[in-house]
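Some notes on the structure that comes next.
No value in this document is a laboratory result; all are computed from the given coordinates. What you see is a predicted model; the values in this text were computed from it and never measured. Note: ideal-geometry Cβ built from the backbone for every residue, glycine included; neighbour counts use all protein chains shown.
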DNA sequence: CTGAAAGCGCTAACAC
DNA sequence: GTGTTAGCGCTTTCAG
């Protein structure tokens, strides 16, 4: 069969875009069977060296590049993983993705970030569609999926780790407020007794958890709270809260829900003529890049997003690999991606905190 | 043909993962041909309503979900677009992607962000592999590609807009320094004569362009420069530069290459006992989120990354659509994605800038 | 309006 | 070592 009846499809129509060369055309040009070309492409070394060179020449002459869709159809490998996120963008997600990508790269996988929106039901459906689209070898959902029929023998694993709610606000591990306890107890150790909390927007689980942790720790350590101000991430509100503080409030430490509120609080303190930290300690959250260079530099909480992404991706790759090996259900306990006593967040102590003043500022 | 010889492939091996139902199984269950199922799935309304309902039932009973790989093989549509970026993460890229995603969503496309690394040659090759992988209907490269054989009849368009160099540092439009001119000339209008520039890391094209624009504008407007300090994005260096300024420098305005340097410069000024902006004006770049809440709030430059992403994606979708229509080469001028007089960046005037002092600070 | 046949480009399995 | 055959799951084309 020499000419294979010229390009089988289409060139009768002039508007048709040029067909890309296929493996068969390469084979014909190299004088071998298409199968041998396939082997060569796969890196199969059983192919005669001479032939391999001839084939390589043909590939280059024809500017051949493999059709990954066709390949995937046969061998079920696309080299791609999907990461599901709700719509919106959060810097933390960028960092998580960059950590995840690092691991995926090492495993020769490409990451596709897919946004899923709509109701919980719709998102579930989208997730399953993706899982069964065969476009991916694994799916990592960073948003909560209400109900996931995961027949453990599904070819493509779907790993769920709810880190974001439907509006891309951190939840679960991302909203954990543990470090707040560390901050307050250490400040207490430095003599602070009376605190104020500048809370964020309660639509964010993190803001709620930090406020609750604040109140809980105050009570646990037998300290005093002068109150919780609902700032809703609004810097102006935080600044005003400080500016409007009664002269005799007795507050010596302010726990802000993030660096913006903390920076604004410093601004208010400056306005009052209070020195930070000599007369007032202030803490933030997020370890924003500027937090290190403000005056004073800000004590805050760094969340290790990239490492979180790495861990999640390692877990997904494990599951993918075990599925590929055809692991029996029970044989593979699939350890939790976040096991052991790893700390997701860490307090960064800087200049904005210090020992409590002998007498609280009162002017 | 009733039983179709039971699942054709594999169930002899117990470890084999369960096969997903196919269109044929749905068809058999609904008592129609697989073709009719295909039509129904496509939303073809010529299918009898009764039948459509029966088919839908079968789909649900079997928990059928289409194999997008098989579908793509036939109709060359995957509903996916690739965005190429160099390795690394930049917040600006997050914003660009989020704008691009917005438009892609509206066009029912999913975006895949693919990292391309290695030498220029290797990146070129990767880009072409992706273009011809048939996994995508279009490719948007935000990194520079040295040499792209773009046969205008290629089925899948590859649009290139070099915004990042191989290490994810902004170049091209992203490094444009235009607003620096606006800042300096307006400050000049407020009486400032003697300036200082805190430059960033010159590995970044943006840092170089801002420095050049600074020098050029100083000369053009017949102002004085007290010098350029190479801070390399290091806040400490910027702070020191201000702290170490001679008492009689005569400087009344500092142009910092980004908000971190600017914030650190403010910190240095505070250390010197200089009031900002009464005695010294300071400007940044990036419009970081905290820039609005520092004391004083920071005059800076906001770059409209998301809008840039939207425009680029609109352009790509245009090209994809015209290719799909089988446009003849010349018929479609494919206008530049960034045409007209749209402004990518904008100066945000805040409290850190003001009229020049009567006499420069000297203490 | 519905069914049958053909084939997208590739690789797994088996011959030779 | 290399060639032949079959078929992945779907849609397109063409009959009816």
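A few comments on the model shown:
- Measuring nothing but alpha carbons in the protein assembly as shown and taking Rh as the Kirkwood radius, the Rg to Rh ratio lands at 1.04.
- Part-to-part distance (alpha-carbon centres) for region A:284-298 and region B:240-310, which is given in Å: 15
- DSSP-defined beta bridges in the protein assembly as shown - what % are antiparallel, rounded to 5: 15
- Cα long-axis angle, helix A:259-272 against chain A (0 to 90 degrees, to the nearest 10): 30
- DSSP-defined beta bridges in chain A - what % are antiparallel, rounded to 5: 15
- With the convex hull drawn around the C-alpha atoms of chain B, the volume per residue stands at 207 Å³.
- The simple spin-label model puts a point 7 Å past each Cα toward its Cβ; for residue A:302 and residue A:24 those points are separated by 5.9 nm.
- Euclidean distance of C-alpha centroids, region B:183-237 and region B:91-165, integer Å: 34
- Ranked from shortest, the separations from the 7 Å Cα-to-Cβ label point of residue A:146 to its equivalents in the other copies are 5.4 nm.
- Extent along principal axes [Cα atoms of region A:23-66; Å; largest to smallest]: 23, 18, 15
- Build a GNM of chain A with springs between Cα atoms under 10 Å apart, and of A:307, A:49, A:219 the one that fluctuates most is A:49.
- Label-point separation, residue B:48 to residue A:57 (7 Å along Cα→Cβ), nm: 6.1
- Nearest-ten-degree value, helix A:178-189 long axis tilted from longest Cα axis of chain A: 30
- Shape call, region B:175-303: gyration tensor on alpha carbons, a/c limit 1.5: rounded
- Sorted largest first, extent of region A:35-152 alpha carbons per principal axis (Å): 58, 31, 25
- Copies compared at residue A:19 - label distances in nm, ascending, label defined 7 Å from Cα in the Cβ direction: 2.8
- 0 to 90° range, to nearest 10: angle between helix B:205-220 axis and chain B longest Cα axis: 40
- Cβ-vector label at 7 Å, residue B:51, separations to other copies in nm: 4.8
- Its DSSP H runs of at least 4 residues, each contributing -39,500 (n - 2.57), put the calculated 222 nm mean residue ellipticity of chain A at -12000 deg cm²/dmol, to the nearest 500.
- Across peptide A:347-356, the average count of Cβ atoms from other chains found within 10 Å of a residue's Cβ is 0.
- Pairwise label distance in nanometres, residue A:117 with residue B:220, each label 7 Å out on the Cα-Cβ vector: 4.0
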